[in-house]
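Report on one structure; see the data block that follows.
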Amino acid sequence: MGGTRAPIDGLFEAAALPAHPTGSDAPPPNEPTVSTLAWGPFAVDLRVRVARCGDRPLGLTPLELRIFASLVWARGAVLSHATLAELVWGRATPGDDERLHAHVRRIRRKLEAAGCTPTCLRSVRGEGYRLTEPGADDG
């Protein structure tokens, strides 16, 4: 891949850094590093790169994890196909919609296998994807 860096990678990289670098005289940063993204029953531990629904790990591939982390980060907002592609791959190109759709199908299967409701990961026709909390009345 070229020099394009996916924005979601920044979250994973920041979480992997030690809180206080050893041998450094620099004060700790003003903003604490986020090591877990969480919303509703969904959580992504950015340090160990594990996604969960409730207390059950989902067993996501690295790419699926980046997609899921982006959706958790959005906290129920719809992420357009282009925005999600930009977050995950650092760019949006023709054909990304089909790639995303295939990965989302796999994430849904893994949600179901972990005992979670696969309908929590919703397609918004013509727009993109969003996570919803189980039991949320979503007209």
A careful count of residues in the range 44-76 that are small (Gly, Ala, Ser) and either in contact with a Pro (Cβ under 6 Å, 6 or more places away or on another chain) or crowded, with 20+ Cβ neighbours inside 10 Å (or both) gives 4
The condition from (1) surrounded by fewer than 18 Cβ atoms within 10 Å (Cβ to Cβ); (2) at pLDDT below 90; (3) within 23 Å of residue 130 (Cα to Cα) that residue 11 misses is numbered (1)
Looking across the range 118-139 at residues that are assigned to a loop (DSSP other than H, G, I, E, B) and within 17 Å of the chain's Cα centre (by Cα), the single one that is surrounded by the most Cβ atoms within 10 Å (Cβ to Cβ) is 132
Among the residues of the range 92-114, the number that are in a loop (DSSP other than H, G, I, E, B) and either at pLDDT below 85 or within 16 Å of the chain's Cα centre (by Cα) (or both) is 4
Original post:
What do you reckon, is residue 83 in contact with a strand residue (DSSP E or B) (Cβ under 9 Å, 6 or more places away or on another chain), β-branched (Val, Ile, Thr), surrounded by fewer than 19 Cβ atoms within 10 Å (Cβ to Cβ) and not in a loop (DSSP other than H, G, I, E, B)?
Top reply: yes
All-but-one check, residue 25 against (1) at pLDDT 90 or above; (2) out of contact with any helix residue (DSSP H, G or I) (no Cβ under 8 Å at 6 or more places or on another chain), failing number (1)
Checked the range 86-111 for anything under 25 Å from residue 55 (Cα atoms), buried (at least 16 other Cβ atoms within 10 Å of the Cβ) and not β-branched (Val, Ile, Thr); matches are 103, 108, 110, 111
- Query: Restricting attention to the range 65-78, does a residue exist that is modelled with pLDDT of 90 or more, farther than 18 Å from residue 124 by Cα, in contact with a helix residue (DSSP H, G or I) (Cβ under 8 Å, 6 or more places away or on another chain) and not small (Gly, Ala, Ser)?
  - Reply: yes
- Item | Filter result for residue 44 (outside any loop (DSSP other than H, G, I, E, B), touching a residue at least 24 places away in the same chain (Cβ under 8 Å) and more than 11 Å from the chain's Cα centre (by Cα)) | no
For residue 59, the lone unmet condition from (1) at pLDDT below 95; (2) assigned to a loop (DSSP other than H, G, I, E, B); (3) farther than 19 Å from residue 14 by Cβ is (1)
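The values are calculated or read from the model by the stated rules, or taken from the named source; none is laboratory data. No experiment lies behind these values; they were computed from the predicted model shown. Cβ sites come from the backbone with ideal geometry, for glycine too, and all protein chains shown count toward neighbours.
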